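Written out below as structure tokens is the structure these notes cover.
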Amino acid sequence: MAGPKYPGLDTLALHAGAQPDPATGARATPIYQTASFTFPDSDYAASLFNIERAGHVYSRLSNPTNAVLEERIAALEGGVGAIATASGQAALHLAIVTLMGAGSHIVAASALYGGSHNLLAYTLPRFGIETTFVDTRNPAAFREAIRDNTRLVFAETLGNPGLDVLDIPAVSRIAHDAGLPLLVDSTFTTPYLMKPLELGADLILHSATKFLSGHGIVIGGLLVDGGKFDWDASGKFPTLTEPYGGFHNLVFSEEFGPAAFITRARKEGLRDFGACMSPTSAFHILQGIETLGLRMQRHVDNTRKVVAFLENHDMVASVSYPELEDHPDHGLARELLPQGCGAVFSFDLRGGRNAGVAFVDALDLFSHLANVGDAKSLVIHPASTTHHRMDGPALAAAGISSGTIRLSIGLEEVGDLIADLQQGLRAAQKIAEKELAR
Amino acid sequence: MKLDVCGATAYCYTNNREIDRQKDSVVFVHGAGMDHTVWTLASRHFARHGRNVIAVDLPGHGRSGGEAKTSVEELGDWLMALLDSLQVPRVAIAGHSLGSLVALDCAARHPGRVRAIAMVAGTAPMPVSDAILEASANNDHAAFDMLTQWGYSKRHQYGGNSNPGMWMIGSTLRLFERSRPGVLYTDMNACNNYHAGLERAAAVQCPVLLVLGREDRLTPVRATEALQAALQCPDVSILEGAGHTLMIEAPNALLDALHAVL
């Protein structure tokens, strides 16, 4: 039997979480640029501190502008709630510290954003949390890496930068069989291209700086709780299922049920680590999300045309985009990403590093910088920038060579983008020919 | 805490406190397919305000064992047995939807044990649509969808939660999805088949508070007229802009209203 229809993505992207401002009637979500909020009386104040009423105390913990953004992404992903953080990295950190402490272990895909890899490989071990990296394309490797002290399985929906497509149904089954949640970084796909919770993921993080915003003017992260993981049944998460001395022995799974994780993350993680988002940043991200559907479709349409151009160019050795039949995850992409595989992809240039440098330097329209998901097209050389901390084997495991170029395709007229790429490829070709002549 | 009631494990949330016989006690009863967590804010509030709080998981729900009870009367008898086990002689009861019928039935049949009731988004009779009954009979997710969507006011279909960062629709769906197969159908039938509501209402002697959502589509305000007529001078509090899921849609206004009787 078909139930009633829920509002569609484009409608939620405009309206979810927002009501006309009760104080002024403002239709747009106002920026509540305030550190704190007054209490009408002492009992009201006590009730807010004791989680008896809904409301705001201090903007590190919650803020009305941020709350709209949080509710909007939770609605778009189909979760129970969300938290806006200072950055995507802060969202990843918040997820991890809510679930575990020293002596714990994470199983993570090897194809990760360089910053995430850095946190897991180098920083968290200093605090007693180890990570085993496994081949994203081999679900069995996730199972084999799980230990008794593993508390999280983590991967990106589309691995950075080789676009390894995560087999979420398979990896989530492996995680759940071991009593573990699957956290996915859905920055590259956004809810427009994929709904990870419907495929089996339990938690989602976004770098909201990227496609969700589109404008590239803020740094922000979002952490979404799907509300489906049974923390009590797992028995591996005392932070959620045992009394918490920091809140009068509150047991989060007992009092908040499906919202146990996101409630603990706010009541402890935001309170104590403090990586909250500025209300102004939340406002800017909300403006971006309003047009998410329109932008993502244009991103994908442009990307398909650029990929087709590069694929047929003599200077291009290979293009890595899951919609291409020779991509290792082509079949999985057709199944999990039927609307498109995003707008970030990489390709290998013939002629090696010098040709790559000439290519990047010759581009005018593409901006050379360390970001993706902007409305403007971007280019970068991962081996010398975003992934420069990784050694040779780690780079290879992440699908990166010294000649790999990563593009983030924006919303410009695609003919102009292709003309700019032609200019870069001509420059690369000249360098390659000179080197051949030597 | 967990205890044995009628041969099965019964769970009730007490804010991590022992029952203090010197204090007034308040029982919170959830609605169909739900559990005690819908009453967490109110439970914490009234615990701090000096009451024993007893937020139950009805049989077959949440952390309670046993089979779901098939009638409101059985649920009322179970609740009295639970209070016997806790050695709590007299209580106020706040019930939501199905829970409001349990509160009404207990107040009528056990007047010596109930000092007041709050019927939150409740009415009697409480007929259930054939579509919901059919879907819940088949454990069809459409039943969850219908109750979730129709359980919120039109404006709240898009959220606007006063509890920061929480998506109302998702939270309610997850609770329904946690319910055991067949439980929602049993609960819906208990509501649908409770024909003694107006007779019971006429017998109630204790103070009664009706808290209603102006935009409730499952138990509309206009459908409470017969109940209001049968009750002896109930207090009626209508929360503007809210639907059936008042604990989430209007948690602060609900707390303020509940202070009148709890």
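Please rank B:206, B:106, fewest neighbouring Cβ atoms within 10 Å first, as an exposure proxy.
By the 10 Å Cβ count, ascending, the order reads B:206, B:106.
So if I restrict to the alpha-carbon atoms in the range B:2-258, what is the Rg, and what is Dmax, the biggest pairwise distance, in Å?
16.6, 47
Just to confirm the number: angle between the C-alpha axis of helix A:279-289 and the first principal axis of chain A, 0 to 90 degrees, nearest 10?
The answer is roughly 60 degrees.
Restricting everything to alpha-carbon atoms, can you work out Rg to Rh for chain A with a Kirkwood hydrodynamic radius? It would help to have the intermediate numbers written out before the result.
Working: Rg = 22.4 Å, Rh = 22.6 Å.
Expressed as Rg/Rh, it is 0.99.
With 10 angstrom as the radius, rank A:110, B:171, A:87 by how many other C-beta atoms surround their C-beta, starting from the fewest. Don't skip to the end; give the middle numbers.
On the way: A:110 24, B:171 27, A:87 19.
Ordered by Cβ neighbours within 10 Å, fewest first: A:87, A:110, B:171.
Got the relative contact order for the range B:2-258 handy, in percent, Cα pairs under 8 Å and 6 or more residues apart?
Working: 546 pairs, mean separation 52.2, N = 257.
After rounding, I find 20 percent.
With each label point set 7 Å from Cα along the Cα-Cβ vector, what nm distance links residue B:139 and residue B:233?
Simple spin-label model gives 5.0 nm for this pair.
Pick from B:20, B:105, B:35 the residue whose mean-square fluctuation is largest in a GNM of chain B, springs joining Cα atoms under 10 Å.
The residue that fluctuates most here is B:20.
Using alpha-carbon pairs under 8 Å, 6+ residues apart, how would you state the relative contact order of the range A:293-438 in percent? Write down the numbers at each step before the final one.
Details: 225 pairs, mean separation 43.4, N = 146.
The value is 30 percent.
Residue by residue, what Karplus-based ³J(HN,Hα) values in Hz, rounded to whole numbers, does the range B:208-221 have, using 6.51, -1.76 and 1.60 with θ = phi - 60° and x for Gly and Pro?
Once rounded to whole Hz, the list reads 10, 10, 9, 10, 10, x, 4, 10, 5, 9, 8, 10, x, 3.
Return the distance in nm (one decimal) between the two label points of a simple spin-label model at residue B:1 and residue A:313, each offset 7 Å from Cα along Cα→Cβ.
Between residue B:1 and residue A:313, the simple spin-label model gives 7.3 nm.
What is the calculated FRET efficiency for residue A:123 to residue A:60, with r their C-beta to C-beta distance and R₀ = 30 Å, to the nearest 0.05? Walk me through the numbers on the way to the answer.
On the way: r = 22 Å, r/R0 = 0.75.
Step by step, r from the Cβ atoms, then E = 0.85.
Rank B:101, B:209, B:41 by mean-square fluctuation in a GNM of chain B with C-alpha springs under 10 angstrom and give only the top-ranked residue.
B:41
So what is the orientation-averaged projected area of the range A:293-437, using the convex hull of its C-alpha atoms, in nm²?
Values: hull surface 34.5 nm².
The orientation-averaged projected area of the Cα hull of the range A:293-437 comes to 8.6 nm².
Magnitude of the Cβ-charge dipole of the protein assembly as shown, K/R +1 and D/E -1, about the Cα centre, nearest 20 debye? Mind dumping the intermediate values first?
Working: 55 positive and 73 negative charges, 227 e Å.
Dipole of the protein assembly as shown, to the nearest 20 debye: 1100 debye.
Taking a virtual spin label 7 Å from the Cα of residue B:150 along the C-beta vector, which residues in the range B:84-108 bring their backbone nitrogen under 19 Å of it?
B:96-101
May I ask for the distance between the Cα centers of the range A:384-438 and the range B:48-94, given as a whole number of Å?
Going from one Cα centre to the other spans 67 Å.
Roughly how many whole Å is it from the C-alpha centroid of the range A:236-294 to that of the range A:159-234?
Cα centroid to Cα centroid, the span is 16 Å.
Work out from phi, with θ = phi - 60° and the Karplus expression 6.51 cos²θ - 1.76 cosθ + 1.60, the ³J(HN,Hα) of each residue of the range B:165-174, listed in order in whole Hz, and give x for Gly and Pro.
x, 9, 8, 4, 4, x, 4, 5, 4, 4
Could you tell me how many degrees, from 0 to 90 and to the nearest 10, lie between the Cα long axis of helix A:414-437 and the main elongation axis, the longest principal axis, of the Cα atoms of chain A?
Roughly 50 degrees, rounded to the nearest 10.
Return the FRET efficiency for the residue pair residue A:177, residue A:271: r is the Cβ-Cβ distance, R0 is 51 Å, and the value is rounded to the nearest 0.05.
Working: r = 34 Å, r/R0 = 0.66.
With R0 = 51 Å, the Cβ-Cβ based efficiency is 0.90.
How much of the DSSP bridge set in the protein assembly as shown is antiparallel, in percent, rounded to the nearest 5?
On the way: 34 of 75 bridges.
Once the DSSP bridges in the protein assembly as shown are tallied, antiparallel ones form about 45 percent.
As an exercise, find the ratio Rg/Rh for the range B:1-98 from alpha-carbon atoms, using the Kirkwood inverse-distance average for Rh.
Values: Rg = 12.2 Å, Rh = 13.2 Å.
My calculation of the ratio gives 0.92.
Give A:305/A:434; A:267/B:23; A:236/A:267; A:210/A:236; A:5/B:154; B:2/B:69 a once-over and call out the pairs whose C-alpha atoms are over 24 Å from each other.
Details: A:305/A:434 30 Å; A:267/B:23 30 Å; A:236/A:267 20 Å; A:210/A:236 33 Å; A:5/B:154 13 Å; B:2/B:69 18 Å.
In this structure, A:305/A:434; A:267/B:23; A:210/A:236 lie more than 24 Å apart at Cα.
Summing -39500 (n - 2.57) over the DSSP H runs of n ≥ 4 in chain B and dividing by its residue number, what mean residue ellipticity at 222 nm do you reach, to the nearest 500 deg cm²/dmol?
Details: 11 runs with 100 residues, N = 262.
That calculation yields -11000 deg cm²/dmol at 222 nm.
Using the Cα centre as the reference, give the magnitude of the dipole from point charges on the C-beta atoms of the range B:2-258 (Lys, Arg: +1; Asp, Glu: -1; all else neutral), rounded to the nearest 20 debye.
On the way: 22 positive and 26 negative charges, 150 e Å.
It comes to approximately 720 debye.
State, to one decimal in nm, how far the label point of residue A:130 lies from the label point of residue B:177, with both points 7 Å from Cα in the Cβ direction.
With each label placed 7 Å out from Cα toward Cβ, I get 3.4 nm.
Quick one: 3J(HN,Hα) in Hz for the range B:54-66, Karplus 6.51/-1.76/1.60 with θ = phi - 60°, rounded, Gly and Pro as x.
9, 9, 8, 9, 4, x, x, 10, x, 8, 8, x, x
If r is the Cβ-Cβ distance from residue A:391 to residue A:233 and R0 is 45 Å, what FRET efficiency results, to the nearest 0.05?
Values: r = 40 Å, r/R0 = 0.88.
Result of the calculation: an efficiency of 0.70.
Taking the 0 to 90 degree range and rounding to the nearest ten, how far is the long axis of helix A:88-99 tilted relative to the main principal axis of chain A, both from C-alpha atoms?
Approximately 50 degrees, to the nearest 10.
Under the definition of Cα pairs under 8 Å and six or more residues apart, what whole-number percent is the relative contact order of chain A? Display every interim value, and only then the final one.
Details: 878 pairs, mean separation 72.8, N = 438.
Value for chain A: 17 percent.
Taken together, the values in this text are just the output of simple stated rules run on the coordinates, not laboratory data. What you see is a predicted model, and the numbers here were worked out from it, not measured in a lab. Reconstructed Cβ throughout: ideal geometry from the backbone, glycine too, with neighbour counts over all protein chains shown.
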